[in-house]
């Protein structure tokens, strides 16, 4: 008989608690980071990784902390992508603010789990984790990433995942 494997979300370090639910972890993630700040930090990491200009030394701890949060975020999104979609809505994004909808189309706003499924169809969870490790490594060093085109795909999906996850959290809180 096979044992059911549980994916460790690894949230102990940054959230201060053991979390086993993907949605609960997303709630905690967005308590620490609003969507706009999370996108800005991810943009800052990407720009620093591609250019040969490291982030400021005083920002290095914030970058590392954000890396740990994002790694747990990706794992939580992976878990949610396999669940039955109970966060779908018939509402259009015209009802939501730009902060909530972000980069999502109307269809993606109505069905945010589809964004997660599409992201994990394009790249495996471990590929997102490798992308995050590489982006943070190169953003903290002065060497710069030579193969930036390999980083663009996971980056775009991760930005959309941030927006979709925020919609999921908002809908989960309403329930």
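Within the stretch 148-165, take every residue that is over 20 Å from residue 40 (Cβ atoms) and in contact with a helix residue (DSSP H, G or I) (Cβ under 9 Å, 6 or more places away or on another chain) and give me the one that is modelled with the lowest pLDDT. Here the residue is 150.
Scan the stretch 83-103 and give yes if some residue there is at pLDDT 85 or above and closer than 17 Å to residue 160 by Cα, otherwise no. No: the stretch 83-103 contains no residue that is at pLDDT 85 or above and closer than 17 Å to residue 160 by Cα.
Criterion first (surrounded by fewer than 17 Cβ atoms within 10 Å (Cβ to Cβ) and modelled with pLDDT under 75) does residue 58 satisfy it? Judged against the criteria, residue 58 is a match.
Annotation: of all residues in the stretch 115-136 being more than 14 Å from the chain's Cα centre (by Cα) and without any contact (Cβ under 8 Å) to a residue 40 or more places away in the chain, the one that is farthest from residue 45 (Cα to Cα) is 121.
The values are calculated or read from the model by the stated rules, or taken from the named source; none is laboratory data. Since the structure is predicted, the reported quantities are computational estimates derived from the model, not experimental observations. For neighbour counting, all protein chains shown are included, and Cβ atoms are generated from backbone atoms with ideal geometry for every residue, glycine included.
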